[in-house]
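Shown next, in C-alpha cells, is the structure this report addresses.
None of the figures in this text is laboratory data; all of them are computed from the coordinates on show. This structure is a prediction, so every number in the text was calculated from the model and none was measured. Glycine gets a Cβ as well: all are built from the backbone with ideal geometry, and neighbour counts include every protein chain shown.
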Amino acid sequence: MAAVFPSADWLKLLEDKLNHDAHYNEIAKKWEGDLIFDIQAEGSLSQPLLMYLDLWHGECRGVEYAPDPTKHPKATFILRSPYNNFTSILQGKLDPMTAMMTSKLKVEGSLAYMMRNVPTILDFVRCCREITTDIL
C-alpha cells in the first residue's frame, strides 16, 4: 500500500511500515529520538507543514500530522527544508546524507549522532520511499 506525500494517510502508513519492516526494526534497534519534519512552503505546498514521529529502538511509537508547534518543543531532531528538497529525497533525486551535509536539509539536533547512525537514516528513507506513490 502507498500514499500521497504529504498527507495524514502517508504519515500513518509510514508509522505502520516502520513498525512492520523487519529490516528497519533490526537496523534501528539502537535509535533513540523523536523527530519533526519541518516542511517549508514551496511549489505545490502553499502552507508550511510539520509532521512528528516518535522513533525509539526500531519502533515508531506514534505520529502526528500538523501538530501544534508548541506541542513538541524538545524534539530530539528537527529536519527543516523547503518542500521541493523533501520531495527530491523521496523520489531518489537527492541523497539524504548529501542534503544534510550541504544544508539543503537542515538538522537541529546532534548531527554527530546522525552520522553515527547513517544506516538507520538510509533505511528510514527507504521505508519513506516505498510508501510514496505520488507527490502533492
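For the range 21-111, what does the alpha-carbon gyration tensor say about shape, rounded, prolate or oblate, given a ≥ b ≥ c as the root eigenvalues, a/c under 1.5 as rounded, and a/b over b/c as prolate? The shape class here is oblate.
Each residue of the range 54-68 is assigned a 3J(HN,Hα), and the resulting list reads 9, 10, 8, 6, x, 10, 9, 7, x, 9, 9, 9, 6, x, 4 Hz, derived from the Karplus form 6.51 cos²θ - 1.76 cosθ + 1.60 (θ = phi - 60°), x at Gly and Pro. Positive-end ranking of Phe37, Tyr24, Ala99 along the dipole of the chain, with charges on Cβ about the Cα centre, is headed by Ala99. Ranking of Cys127, Cys60 by neighbouring Cβ atoms within 10 Å, starting from the fewest: Cys127, Cys60. Taking Cα centroids, how far is the range 23-38 from the range 103-136 in Å? Each part reduced to its Cα centre gives a spacing of 9 Å. Counting only lysines at least 8 places from Lys93 when in the same chain, those with an alpha carbon closer than 25 Å to its own are Lys12, Lys17, Lys104, Lys106. Taking amide H as placed 1.01 Å from N in the peptide plane, Thr76 has its amide H under 5 Å from the amide H of Asp34, each at least 5 places away in sequence or on another chain.
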